[in-house]
Amino acid sequence: MTHATAMVVGTIIGASIFVQPSEITKQMPSVTGIILVWIAAGVLTLFGALVCAELASAFPQTGGVYVFLREAWSRPVGFLWGWAMFWVMHSGIIAAIATIFARYTAHFVPLDATGLRIVAVGVILVLSAVNYLGVRHGGLVQNVFTVAKVAAIAGIVAVGALWSGQTASAAVADTAVSANGFILAIAAGLFAYGGWHMVTYTAGETKEPERVIPRALFLGTLIVTACYAGLNAVYLKVLPLDVVRASGRVAADAADVLLGGGGASLMAALVMISTFGAVNGIILVGPRVYYQMARDGTLFGWAGAVHPRFGTPHRAIAIQAVWASVLAATNTYGDLFRRVIYTEWIFFAAMAAGLMLLRRRADYRPLYRVWGYPAVPLIFIVASLVIVVMQIRDKPWDSAVGLGMVLVGLPVYFLWSRPRATTT
C-alpha cells in the first residue's frame, strides 16, 4: 500500500499549493473564508476519492476513470474521458507542472522564455524515459520524492508554528464575499488537490487493488489535506493578506520571512522537488489508460503494445511525452490549468452519477462501499456541476475551446468504430 499511497500524495502535492493560495485569495478576501475554502475543497476531494475507491474495488482494472465510465455508462463515454485526457486534461497537467518546474529552475539558472520552455520539455522527456524503462523505476522515483516533499512541508509547518513574530493576517478584518467568489475560490483550491483519482489508472499492476487502492485514496487524501492546512496556516500567519493576494510566489515570500534571505532559495528547491515528483507520478499513470483503450479497441492497437523487455506501454508513454511537450512549448501555465479544471469535473460528476446507476445492478458487487451513501455522491455531483458552470461563466472562451476539443471526440469515436464493426 505504501507505493499506492505515495502515488496519491505525490501526484496531488505538485506545484499548485505553492501558487494557488494567491489565486484563492483574489476571489476570497477573507481569512475565515480562505480557511473555509480549503476545508470545502478538501472535503469534496475526499468525497470524490471515496466514490473512486468504491468503483476501483468493483473494477480493479488498469484504466481507472475510463473503466468506471465505460462500465457505468457506455464505451463512447469512456472513450471521451480518454480523448479528453490526452488532448486537454492529463497532458495539460503534465505541461503545466513542468512549466512551474522550469520557473523555479530559473531562480538558480537565468532563463529567458525559450529557456523556460526547453527546461519544461526536458523534464517531461527525461521522466517519460524513466517510466519507459519500467514501473519499478518510476515507482521508486515517486516514493523517494514523495517522502522528501512531505518531510519538507512538515519542516516548514514546524518552523511556522514556532515563529514568534507578529501574526500578519490576524488583524485584518474579514471582508464580505459573494457566492460567485466563494465557488471560484473552491475551484482554484480543487486544482491544488487535483490528481487524487490517478492511482486507479494502475490498478491492473497493483497487488490486491480492490483492497489497496481504497485505503491509499483515503489515507493519501488525509495526508494531503493535513499538509495543505498546515502550509496555508503558515502563509496567513507570516504574511499580510494583501501580500498573499498579490504574490506570484507566496511560498517563497513566506520562507523569506521565516528563514531570512536564504528562504526563497530553499523554497525554490522544495518546489522543484515537489514538481519533479508530481510530473513523474502523472507521466507514470496516464499511458495505462491509453493502453486499456487500445486493448478495448477504442484506440489504435499499436498504442497498447507492451515493451518485450521493460513490460511497459512504451508507445503510449512516447505519444503522451510528445503531445505534453508540444503543450509545454506553446502554452502558458494559466492557459493550461484553466482548460483542465472544468473539463475534468464534468467527468467526475458523470463518474459519481454512474456509481449510483451501478448500485441498481444485481451483478454489481464492490468490496468497498461509499460511506454516507447516497448523500456523499449526490453532494459531489451537485458541487461538481456548480463549479463547472461557474468556471464557464468566468472564462467562456477558454471553456468553449476546452469543451469543443472534448466533443470532437464523439464523431472520432463513431468514425473509428464503424469500420471495425463492419469487419467483424
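The values are calculated or read from the model by the stated rules, or taken from the named source; none is laboratory data. Just so it is clear, the model here is predicted, and its values are computed rather than measured. Note: ideal-geometry Cβ built from the backbone for every residue, glycine included; neighbour counts use all protein chains shown. Heavy atoms of the whole protein, side chains included, go into the accessibility calculation; ligands, DNA and RNA do not. Shrake-Rupley method; radii C 1.70, N 1.55, O 1.52, S 1.80 Å.
Brief remarks follow.
- Between Leu162 and Ala329, the contour length at 0.36 nm per residue exceeds the Cα-Cα span by 55.9 nm.
- Share of carbon and sulfur in the accessible area of the stretch 1-118 stands at 68%, probe radius 1.4 Å.
- If the segment from Ile379 to Asp363 were pulled out straight at 0.36 nm per residue, it would be longer than the present Cα-Cα gap by 3.2 nm.
- Note on the chain: lysine pairs with Cα distance below 30 Å, sequence gap of 8 or more or different chains, count 5.
- Between 0 and 90°, nearest 10: helix 179-192 axis offset from the chain longest Cα axis: 70
- Rounded if a/c under 1.5, otherwise prolate or oblate - the stretch 185-281, Cα gyration tensor axes: prolate
- Shape of the stretch 19-99, Cα gyration tensor, a/c cut at 1.5: oblate
- Cα long-axis angle, helix 250-259 against the chain (0 to 90 degrees, to the nearest 10): 40
- Calculated FRET value between Trp302 and Thr114, using beta carbons and R₀ = 30 Å, to 0.05: 0.35
- Put a dot 7 Å past the Cα of Ala233, heading toward its Cβ, do the same for Val389, and the two dots end up 3.6 nm apart.
- At R0 = 41 Å, FRET efficiency that the Cβ-Cβ distance of Ser417 and Ala129 yields, to 0.05: 0.75
- Accessible surface calculations at 1.4 Å, restricted to protein heavy atoms, place the chain at 39 Å² per residue.
- Distance between modelled label sites at Leu219 and Ile35, nm, 7 Å Cα→Cβ extension: 3.0
- Three-way shape label, the stretch 308-393, alpha-carbon gyration tensor, a/c 1.5: oblate
- Karplus (6.51, -1.76, 1.60) ³J(HN,Hα), θ = phi - 60°, over the stretch 90-96, in Hz, Gly and Pro reported as x: 5, 5, x, 5, 4, 5, 5
- Fully extended contour minus Cα-Cα distance, from Glu208 to Ala226, at 0.36 nm per residue: 3.8 nm
- Max mean-square fluctuation residue, GNM over the chain, Cα-Cα springs under 10 Å, options Ser91, Ser247, Ser178: Ser178
- Once the mean of 1/r is taken over each pair of separate Cα atoms and inverted, the chain shows a Kirkwood hydrodynamic radius of 21.7 Å.
- Degrees separating the helix 113-132 axis from the principal Cα axis of the chain, which is the longest one: 50
- Computed in the context of the full set of protein chains, the accessible area of the stretch 180-338 at 1.4 Å probe radius has 62% of its extent on carbon or sulfur.
- Think of it as helices only: each DSSP H run of n ≥ 4 in the chain is worth -39500 (n - 2.57), and spread over all residues that comes to -25000 deg cm²/dmol at 222 nm.
- When Tyr333, Tyr291, Tyr132 are compared by accessible area at a 1.4 angstrom probe, the order from most to least is Tyr132, Tyr291, Tyr333.
- Selection from Ser325, Gly189, Ile13, by position along the positive dipole direction of the chain (Cβ): Ser325
- The mean sequence separation of alpha-carbon pairs under 8 Å and at least six residues apart, normalised by the residue count of the stretch 291-373, gives a relative contact order of 12 percent.
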